[in-house]
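To keep things clear, I will list the structure first and then write my remarks on it.
The values are calculated or read from the model by the stated rules, or taken from the named source; none is laboratory data. Predicted, not measured: the structure shown is a model, and the values here were computed from it. We place every Cβ from the backbone using ideal geometry, glycine too, and count neighbours over all the protein chains shown.
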């Protein structure tokens, strides 16, 4: 009997330190993983990396997300002096909100706010968001710093690295960027009756290189029909093709048929061509986008637009 009790005491004594160590380890583990803080401002580029097309040109979408509260008149300045210096041709930010000026516009009929010096200042909407299109012509491949700085309290700044990749053969198809785009804008902009539920999108059409120097068109009647005030397609050559006019200075371009950019945009030697779509006052939802090579295949994709919303 005494022997049994002695063994039990020894076992109990041996297990007490183990329980203590287990609790201590769990406590240490919990302290080692503090909750990450959400940044107060974010800037992103899409697509990133972006593959150049034609004569080393590219199209991209720059999105800025800032924490509220956001007051009327709050603005953000988006810039990239590195990118501006690395492109021999024009480099510009295009905004449906008008930007700070319209100068050096190489896009012909486009009357959107256009900045040709590597910087643009645009308003933040009520959700703290702002979006612009980015165009580069004859650009050197590499990484370029893109910066977004608030012009009012708390004066926060965010950066991202945009990777510009040289022209290359890619998998066939058509892709839209950014995916599930959140619309921006909640009031009239400085460039006419825009600034409400605006859409900025880039579509990369990739065909086999055997179709190099052939022509290609892009169509989305659904996407165009969603944008009540106006919309415009333009290509990686900076050309807004087709005809038509619209309210204000938005300059609706319908192309050969509603919702298309036609007439044939040339496919580069790697089989690629890029387009940008800008639309004002657009209804959220999913739209079908069709890209057709004149003497070759037809590609389809769907593009989803989400209504304005707080994103961080």
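Tabulated results
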| quantity | calculated |
| --- | --- |
| Failed criterion for residue 169 (all others in (1) part of a strand (DSSP E or B); (2) in contact with a helix residue (DSSP H, G or I) (Cβ under 7 Å, 6 or more places away or on another chain) hold) | (1) |
| Number of positions in the range 57-88 that are under 24 Å from residue 175 (Cβ atoms) and surrounded by fewer than 20 Cβ atoms within 10 Å (Cβ to Cβ) | 0 |
| Failed condition for residue 227, given (1) at pLDDT 95 or above; (2) farther than 26 Å from residue 138 by Cα; (3) buried (at least 19 other Cβ atoms within 10 Å of the Cβ) | (1) |
| Strands (runs of 3 or more DSSP E) (entirely within the range 110-166) containing at least 3 residues that are surrounded by fewer than 19 Cβ atoms within 10 Å (Cβ to Cβ) and modelled with pLDDT of 95 or more | 142-150, 157-165 |
| Any hit, the range 270-290, residues being farther than 22 Å from residue 182 by Cα, modelled with pLDDT under 90 and assigned to a strand (DSSP E or B) | no |
